[in-house]
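The values are calculated or read from the model by the stated rules, or taken from the named source; none is laboratory data. Note that the structure is predicted; figures quoted are calculated from it, not measured. Cβ coordinates were reconstructed from backbone atoms using ideal geometry, including for glycine residues, and neighbour counts include every protein chain displayed. Just the protein is used for accessible areas: all its heavy atoms, side chains included, with ligands, DNA and RNA removed. Shrake-Rupley method; radii C 1.70, N 1.55, O 1.52, S 1.80 Å.
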Amino acid sequence: MKELIAAFAICAAFGGFAGATEGAAAIRAARGARRLTDIAALPVTDPGARLCYEGSIDRGQGNEDWNWGVYRDARGDWVLMEADGPGCIFNFVQHRFVTDCEAPVFRFYFEGESVPRLEISPAEFGVRSPFLAPLAGAQKWQGKWRHGPTDKMQDFSIVRSFVPMEFTNGVRITSSARLHGGEPGGWGHVQYHLYPSAEGLATFDPASDFAVLAQEYGRPLDAGSDAAADTPAGELAAGASVCLLERTGRGAVTAVSLVLPAFEQSQLTNLWLSLAFDGRECVRAPVGTFFGNEQTCIKKGARRADYDFETALLTFDLSHEGAIRLENRFPMPFWESARIVLENRGAVPVRTGAARVRTNSRLVYDRKTAGYFTATDYLPPTRNRRFRNAVIGQGVGCGQIVYSVITGSGFVDKACEGDVRLYLDNMAAPAAQSDGSESWGCWGMGFGNAPRSHPFSFYNSPDRLGPWSLCRLNVADSCNFRHVFRFEIEHGPDNLEENSSHSGQVFYYRRKN
C-alpha cells in the first residue's frame, strides 16, 4: 500500500496520470487499494471482482432497516459482517440516534485473527489515521424523528469511510453495542469486493500512512491529458447543436468541461450531450445527470456557493454569480474515433461559455478488457406507482457501474425513503441495497440539511420536503456485472405519496461484445 500511495503522489505531482507511452503494454485492471490510486484503470473491467454487501436491510422487505447484527461472537460483540477469501472493503457507513445510547466501538479482524487489528470509535472517523478526511468522516446534527404519537429531537451521528482495507483470507467487523431498534438504531452497510485470488493484495495495516491519498482526494482527480479541443462562447439556438469534439485515432477523453454564463435550472434538462465512440453513440444524457446533479432549487437566503459540489471526478460549481461551471473527468477510451455534441432541446436560445474536451493519446487500452463509457436511457420525471419500484436504469452486456444520479420530487414526507436495489446478473435478489435512498450516498438522516458532498457522493435539497438530487460514485466499489443489471428505487412502505416522481440515469463502462 505504501508503494501505491507513493506512486499516486508522483503522478499527482506531474499533473495527473500520464498513462502508457506508445508501444507500452495496455493498462491493466486495478484491484484493492489501487482502484483509488490508478484513475486511468477505471475503464478496465476485472472479470474476477464481485461486489458484495452486508447491512441493516429488513430481511422481511419491510422498512425497519435499523437492525444490524448477524450474531454475537465469543467476546459478546455483534458481528456486522464477515467474509472468507481475498478482497477489499471500500465503504463502511453507520448512523444512529445517540441520545440514550452508548457509543459503539467497531473492531476489524483480518485473516482469521482472534485479536482485532483495529478498534475505532465513531468520533475518530475523519481525524484518526488512517481514517482521515475526506476519505473518512463523522458528523452530527439534530434530527426530527417521529416516534409514536410524538416527535422527538435527538442527536444523530453518521460515520463513513472509503479507506480501502485489503485482506487475503477473510475479514470480520463487529460492534461492541447492539445496533437494534428505534433507539439507538443501527442503519448501515459495508460494500466490498471479493476476488478469486489474492494477487496484488496485502493485508490492511492500520499503521499505513494514508495522508497523501487523503490529501489528493481533497481536490479534483483526472487521468491527465496531452491535447484539448476548445469551443468558444456563443449562443445555442433552440433545437440547434454544436460539436465539442471530433477526433479520429486511439486515446481517451479525460475531461468534458462546460460553462453556462446565464444559468437557469431548466438548462440541466434542456441541454443534452451525445457521446459517440468508434462510430457508436454510447451516451445520450441531459447535462444534469452527466455532471451529477439534476436540480438546483436554492433555498431562499442561501448562498449559491453552498450548492457547489466537488466529488473526485465530477464538478458542479455555482460559486460565480449567474454562471455555472461543470466538469466530468471519467476516462473514456476510444480506439477509432470520438465525437461529442451539445444539443439544445429547449424552446429558447441558451448562452454557452467556453467548452473544453481534454484527451490523452498516451492511455493505451485493450479493447478486450476496457469498456466504453456508457449511459442507460435517461428516466425523465416519472410518477411513482403504488408498490412499484422506479427503475432508474438497466443495461445488458459485461462491465461495471461507476456512478448514478437519482432525483425525487413531489414528496409530502419521507422524501429520502425508498431503498436502492441494485441487481447484478442474479435478478432474483439485489447484490447491493441501501436503507433509504440517502444512505446510498452515505448520508444518514434524509435531505433536511444543507447540500453536502464528499469525494464519492453529493446530495442537494432546499429542505426535507423539497426536490432532491443524489449522486453516488462507485469508483472503488464498482458494481461489476457480466450479463445484465437493473438499478431501482423502492416505492413502498414509507414513501407512497401518489404525486411523487423519480428520475435519473446510470453511467457505466461496457465492454464490446
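On the accessible surface of the chain, probed at 1.4 Å, how many percent belong to carbon and sulfur atoms?
Numbers: 9570 of 19160 Å².
Carbon plus sulfur share of accessible area: 50 percent.
Can you compute the radius of gyration and Dmax for the range 247-363, using only the Cα atoms, both in Å?
For the range 247-363, the Cα-based Rg and Dmax read 15.0, 50 Å.
Rounded to the nearest 10 Å², what accessible area does residue 140 have for a 1.4 Å probe in the complete protein model?
In the full protein context, residue 140 sits at about 150 Å².
Quick one: putting +1 on the C-beta of Lys and Arg, -1 on the C-beta of Asp and Glu, what dipole do you get for the chain around its Cα centre, in Debye to the nearest 20?
Details: 53 positive and 58 negative charges, 171 e Å.
Magnitude of the dipole: close to 820 debye.
With n ≥ 4 as the cut-off for DSSP H runs, can you work out [θ] at 222 nm for the chain, using -39500 (n - 2.57) per run divided by the number of residues, rounded to the nearest 500? Mind showing how you got there, number by number?
Details: 6 runs with 34 residues, N = 513.
About -1500 deg cm²/dmol.
Check the chain and count each lysine pair with an alpha-carbon distance under 30 angstrom, considering only pairs eight or more places apart or from different chains.
The number of close lysine pairs in the chain is 14.
Hey, rough spin-label estimate for residue 512 and residue 133, points 7 angstrom out along Cα→Cβ, what's it come to in nanometres?
For residue 512 paired with residue 133, the spin-label model returns 4.6 nm.
Taking Cα pairs under 8 Å and at least six residues apart, what relative contact order does the chain come out at, in percent? Provide the component values of the computation, followed by the final result.
Details: 1463 pairs, mean separation 94.5, N = 513.
That works out to 18 percent.
Using R₀ = 25 Å, calculate the FRET efficiency as 1/(1 + (r/R₀)^6) where r is the Cβ-Cβ separation of residue 484 and residue 25; round to 0.05.
Values: r = 31 Å, r/R0 = 1.25.
For residue 484 and residue 25, the calculated efficiency is 0.20.
What ranking of 443, 187 comes out by heavy-atom accessible area, probe 1.4 Å, highest first? Numbers along the way, then the final one.
Values: 443 5, 187 30 Å².
Highest to lowest solvent-accessible surface, that is 187, 443.
Using the basic label-point model (7 angstrom from Cα toward the beta carbon), what is the residue 281 to residue 235 distance in nanometres?
In this crude spin-label approximation the distance works out to 2.7 nm.
For residue 282, what accessible area in Å² do you get when you roll a 1.4 Å probe over the heavy atoms of the protein chains, rounding to the nearest 10?
Taking all protein chains as shown, residue 282 has close to 10 Å².
Once fully extended, how much extra length lies between residue 387 and residue 347, figured as 0.36 nm per residue of separation less the alpha-carbon to alpha-carbon distance? Walk me through the numbers before you get to the answer.
On the way: separation 40, 0.36 × 40 = 14.40 nm, distance 3.56 nm.
Full-extension gain reported as 10.8 nm.
Averaged per residue, what accessible area in Å² does the range 295-338 show with a 1.4 Å probe, protein chains only?
Working: 1700 Å² over 44 residues.
Dividing the accessible area of the range 295-338 by its residue count gives 39 Å².
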